[in-house]
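Report on the structure given below.
The values are calculated or read from the model by the stated rules, or taken from the named source; none is laboratory data. These numbers come from a predicted model, not from an experiment. In this analysis, Cβ positions are derived from the backbone assuming ideal geometry, glycine residues included, and neighbour counts consider all displayed protein chains.
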């Protein structure tokens, strides 16, 4: 593993387009897999891994080896190669986020590529190939949305996206919730916001809807994996939002935590709402 390599600012910006093309290419390959006949397996933790997961991982691995061979890569499908802690920059990859949605035939699955620098996601790309959408962002430089065809052609100009201010105490919270996961702490957190309107979604699309102003908040107060969070984290932050853990503290990635787990997180569209919530004290 290369040590001491840091990508930020202009260096990260130069990678945005080729990384987008790579994620779109992987997404197109996933979309072309026949879901009714593809091979399925289970990992040690019991989660499903499909032929499409491995195909996407292979495409991304080959592409990153050419684009940035000195930057370490941590992928969900190659955790045995991880050499944590990562002190500087590394790529954090989920080749197919929402495998359960993919297997069951829904369109809410994504390909996620993040660049993490000194523990913080600085660049994120999320491709939803079946929806024909790319979300991407660089922290400090903004976020945007693009349209893409199923044959991996990007259409039109990028459209800037921005999180929305929370409209105030008289208006209900719009809360993104998982299609596949539910836990008591998250339910209690939502219950503290009377009249909250739930949007049920799969994969990292939940982050992206917050980033583009379609929801106020996305809480998950149970463990999930770093690769499920990092790309969405970068996009929400780049779009003006804030990601914290359940106690209002920043998340850190690439450290030597068991199982690559993020214990909990909340994606806030309006950072002021997050600060107000923290000032009121923990409610979960």
The lone exception for residue 186 - which of (1) touching a helix residue (DSSP H, G or I) at 6+ places or on another chain (Cβ under 8 Å); (2) buried (at least 19 other Cβ atoms within 10 Å of the Cβ) it fails = (1)
Pick from 236, 229, 200: which is outside any loop (DSSP other than H, G, I, E, B) and surrounded by fewer than 16 Cβ atoms within 10 Å (Cβ to Cβ)?
-> 200
Which condition breaks for residue 268 when tested against (1) within 25 Å of residue 77 (Cβ to Cβ); (2) surrounded by 19 or more Cβ atoms within 10 Å (Cβ to Cβ); (3) at pLDDT 95 or above?
-> (1)
Residues of region 203-226 that turn out to be assigned to a loop (DSSP other than H, G, I, E, B) and surrounded by 24 or more Cβ atoms within 10 Å (Cβ to Cβ), as a count = 4
Out of (1) closer than 24 Å to residue 253 by Cβ; (2) assigned by TED's automatic domain parsing to the domain that holds residue 231; (3) surrounded by 15 or more Cβ atoms within 10 Å (Cβ to Cβ), what's the single condition that is false for residue 179?
-> (1)
All positions within region 149-164 that are in a loop (DSSP other than H, G, I, E, B) and either under 19 Å from residue 23 (Cβ atoms) or at pLDDT below 90 (or both) = 149, 150, 151, 152, 153
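Return the residue satisfying two criteria in turn: it lies in region 27-39 and is touching a helix residue (DSSP H, G or I) at 6+ places or on another chain (Cβ under 7 Å) and surrounded by fewer than 20 Cβ atoms within 10 Å (Cβ to Cβ), and of such residues it is modelled with the lowest pLDDT.
Taking region 27-39 first, the residues touching a helix residue (DSSP H, G or I) at 6+ places or on another chain (Cβ under 7 Å) are 29-30, 33, 35, 38-39.
With surrounded by fewer than 20 Cβ atoms within 10 Å (Cβ to Cβ) added as a condition, the list becomes 29, 33, 35, 38-39.
Working: 29: 95, 33: 92, 35: 85, 38: 82, 39: 77.
Selected residue: 39.
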Which condition number in (1) assigned to a loop (DSSP other than H, G, I, E, B); (2) outside the structural domain of residue 273 (by TED's automatic domain parsing); (3) touching a strand residue (DSSP E or B) at 6+ places or on another chain (Cβ under 9 Å) is the one that residue 167 fails?
-> (3)
Name the one entry in 70, 49, 24 that is exposed (fewer than 14 other Cβ atoms within 10 Å of the Cβ) and touching a residue at least 40 places away in the same chain (Cβ under 8 Å).
-> 70
Residues within region 239-250 that are without any contact (Cβ under 8 Å) to a residue 40 or more places away in the chain, touching a helix residue (DSSP H, G or I) at 6+ places or on another chain (Cβ under 7 Å) and part of a loop (DSSP other than H, G, I, E, B), tallied | 1
Under the condition of being part of a strand (DSSP E or B) and farther than 20 Å from residue 253 by Cβ, which residue from region 128-147 is farthest from the chain's Cα centre (by Cα)?
-> 147
Of 108, 120, 77, which residue is touching a residue at least 12 places away in the same chain (Cβ under 8 Å), within 23 Å of residue 258 (Cβ to Cβ) and under 14 Å from the mean Cα position of the chain (by Cα)?
-> 120
